[in-house]
Amino acid sequence: MKGQELTGLTLAEASRLIRRREISPTELTEACLARIRTLEPQVNAFITVMAEEAMATARLLGEEAARGELRGPLHGIPVGVKDLFFTAGFPTTAGSPLLAHHISQEDATVVARLRQAGAVVVGKLNLHEFALGATSKNPHFGPVRNPWDLSRVAGGSSGGSGAAVAVGECLAALGTDTGGSIRIPSSLCGITGLKPTYGRVSLHGVVPLSWSLDHVGPMCRTAEDCALVLEVIAGPDERDASCAPFPVPRYSHQLEEGVRGLRIGLPQEHFWEGVDGEVANLVRQAVDVLAELGAQVREVSLPYMDMIPHAVVSIMLPEAVAYHLPRLRQHPEAYGEDVRLRLEMGALIPAVQYVQAQRVRKAVVAAWREVFREVDLLATPTTPIVAPRIEEGDLEATLTLIRNTNPFNLTGQPAISVPCGFTNSGLPVGLQLVGRWWEEGTVLRAAHAYQQATSWHRRLPPSSSMPPPRG
Amino acid sequence: MTEEVRALAQAAGLPLPQERASLLSASLSMLWLGRDVLLSLPLGEEGPAAVFRAPATT
């Protein structure tokens, strides 16, 4: 296999070929680096490419593979990490010139776990400045362009992660999600992205946006690939007090259990309001597929929906400004206009509003626990719209894009976005599946069942110009 | 409203010129409306326990 055939593989397919010694980590990494060289002028998914280090690591892993010493399914797999994750010896900019020369001495916990599992880190991915927005129109490093239509945004804030995986510049990526920042670019770029339960994955070594809403998770082509990455990055971390001391299930072993008998709830409030007609139709068709596979679909009502947008913003912005205030006071001009405005707003939210939002959050979780006695999953459109054009206003676009995703940052539930079709103009649409707390396995298994029955996740963007990956 | 925003920003250590305070005013009125919506929910004596722990464990 060569070049584009290699970069069109899913992580699981590449892993099997490495295990059978049909391809080497060096060949695979070389192919991804070649994609980066070819496509970056258009897509702009990377802030830093770590080519030399990646090739050195790949050679080492290739030698191990030749000796039959495989570390696991991620052995020799090229991955990208959002430029919020500390990587020892390389800059972590968070998409801001303020951190352009910030070089950490150690890896973030999740980056260290990826490396230990044999992943090859090929670079640091572009994002919305400081992750505070959903378009990835970065004024300092340039916008990440959507591989399905280069005149449109890739979504955000993990836009580089979404675009890079979509075009095969890496086979998996890490993103963060505070209001939808894994699921939104996954939906807009036609890939699969999982926000795990709050506390499932360590935040140590990740530039914060909002400590009590931030989540780390995988962005890949398939649910199977997300399961393989999550198994590696999840689990207790004594350096992060918010990380729960729970054992990590073998998600990849639960994938084939199917959806027969699972109860899927369709929320009646909020999630279908203002949804584009084509998006709504495609998501409803996806739910029909799950029903044909044996799931029971019913309507549900979610309490407190009118409170949730207020609660999210009343928590996110004050927490963000608590981190940024010293820099904002000293260098306000170094922030992009939209991010600066959001931070200034956060500085003016009264303390009582923040505390009350956290109290409301607790009430929402308690009420939704009751709903989840009646259903196993919720299904919604991931975003109400497809990728907006780059020239559209950022503040309005972000508000629309986060509408269906941020409720689950407030509750901390696991939620995945899977590709479920394309509009007539060729833009991908995402189905969001949401599970009970700590039940990522159910979310992944339903997403996998859907992907076994459909082929939307196999489509590659026109800018990829690649043959379909091997089945 | 703009003057109120300027005064609050000054207190937060973020002095704002008139035009910037004016820009913020429109968005802030929505945010402050949110405060009233949140405060309208009767939550009794319950506090936001274990906010930085996984919500599912609270």
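The values are calculated or read from the model by the stated rules, or taken from the named source; none is laboratory data. What you are looking at is a predicted structure, and each value in this text was computed from that prediction instead of being measured. With ideal geometry, Cβ positions are generated from the backbone for all residues, glycine too; neighbour counts draw on all protein chains shown. Heads up: the accessible areas ignore ligands, DNA and RNA and are worked out on the full protein's heavy atoms, side chains in. Shrake-Rupley method; radii C 1.70, N 1.55, O 1.52, S 1.80 Å.
Below is a table of values for the structure above.
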quantity: Where only alpha carbons of segment A:168-311 are counted, the Rg and the Dmax (Å); calculated: 16.8, 47
quantity: Proximal charge balance of A:A173 [Cβ under 12 Å; K/R count +1, D/E count -1]; calculated: 0
quantity: Distance in nm between pseudo-label sites at A:E370 and B:S27 (7 Å out along the Cβ direction from Cα); calculated: 3.6
quantity: D (Stokes-Einstein, µm²/s), Kirkwood Cα radius, segment A:1-157, 1.306 mPa s at 10 °C; calculated: 98
quantity: Furthest towards positive pole of dipole, A:G160, A:G179, A:S210, structure part segment A:157-271, Cβ charges; calculated: A:G179
quantity: Whole-percent pair-distance distribution, where bins are 10 Å wide, for the alpha carbons of segment A:267-411; calculated: 10, 31, 32, 19, 7, 1
quantity: Accessible area per residue in Å² at 1.4 Å probe, computed on the protein assembly as shown; calculated: 35
quantity: A:T38/A:H140 FRET efficiency (R0 25 Å; Cβ-Cβ; nearest 0.05); calculated: 0.55
quantity: Inter-label distance for A:R260 and B:A7, nm, one decimal - labels placed 7 Å from Cα along Cα-to-Cβ; calculated: 6.9
quantity: Value of [θ]222 nm, deg cm²/dmol, for the protein assembly as shown, DSSP H segments ≥ 4, -39500 (n - 2.57) each, nearest 500; calculated: -13000 deg cm²/dmol
quantity: Per-selection Kirkwood Rh - the protein assembly as shown (Cα, Å, 1 d.p.); calculated: 22.8
quantity: Reciprocal of mean inverse Cα separation for segment A:326-369 (Kirkwood radius, Å); calculated: 12.5
quantity: Model label zone, B:L39; criterion: amide N under 11 Å from point 7 Å along Cα-to-beta-carbon; scope segment A:280-311; calculated: none
quantity: Length gained when the stretch A:A88-A:R71 is fully extended (0.36 nm per residue, less Cα-Cα span); calculated: 4.0 nm
quantity: Cα-based convex hull volume of segment A:362-402 per residue, rounded to whole Å³; calculated: 84
quantity: Partners for A:K82 among lysines (Cα-Cα distance below 29 Å; same-chain residues under 8 apart left out); calculated: A:K2, A:K124, A:K137, A:K195
quantity: Selection from A:A387, A:V352, A:G441, by position along the positive dipole direction of segment A:344-471 (Cβ); calculated: A:G441
quantity: Accessible-area order (highest first, 1.4 angstrom probe) of the listed residues B:M1, A:M345; calculated: B:M1, A:M345
quantity: Simple Cβ-charge dipole of the protein assembly as shown, Lys/Arg +1 and Asp/Glu -1, about Cα centre, in debye nearest 20; calculated: 780
